[in-house]
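Have a look at the structure below, then the notes.
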Amino acid sequence: YGAPDADRVIIAMGSVTQAIEEAIDNLVAKGEKVGLVAVHLYRPFSVKHLLAAVPATAKRIAVLD
């Protein structure tokens with residue numbers, strides 16, 4: 001979710017993702033390159049699928065629990 005060329009990405013799950021999406025919409029509208037990977041199912045954990053969801057342009061990743 002967010003900029004396809006995001007250099008900053010948040011990884012989160014649950015109801016907090018809705019608030020993050022709103023914040024990302026505002027930041028993208030201002031020209032920021034930010035994105036969100038919303039995790040829906042974390043077991044069984046798949047590193048392959050998680051890494052495929054993170055843009056190659058990501059320089060910083062924040063994981064919110």
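Any read-out appearing in this document is the output of simple, stated calculations on the displayed coordinates, not a laboratory observation. For clarity, every value in this text was computed on a predicted model and none was experimentally measured. Note: ideal-geometry Cβ built from the backbone for every residue, glycine included; neighbour counts use all protein chains shown.
Some points to look at:
- Whenever a residue of the range 38-65 is of a type in the set (Phe, Trp, Tyr), its partners that are assigned to a loop (DSSP other than H, G, I, E, B), lying with C-beta atoms within less than 8 angstrom and at least six residues away or across chains, give the pairs Tyr42/Met13.
- Where a residue in the range 15-35 is in contact (Cβ under 8 Å) with a residue 12 or more places away in the chain and of a type in the set (Gly, Ala, Ser) and its partner, wherever it lies, is assigned to a helix (DSSP H, G or I) and surrounded by 13 or more Cβ atoms within 10 Å (Cβ to Cβ), with Cβ under 7 Å and at least six apart: Gly35/Ile24
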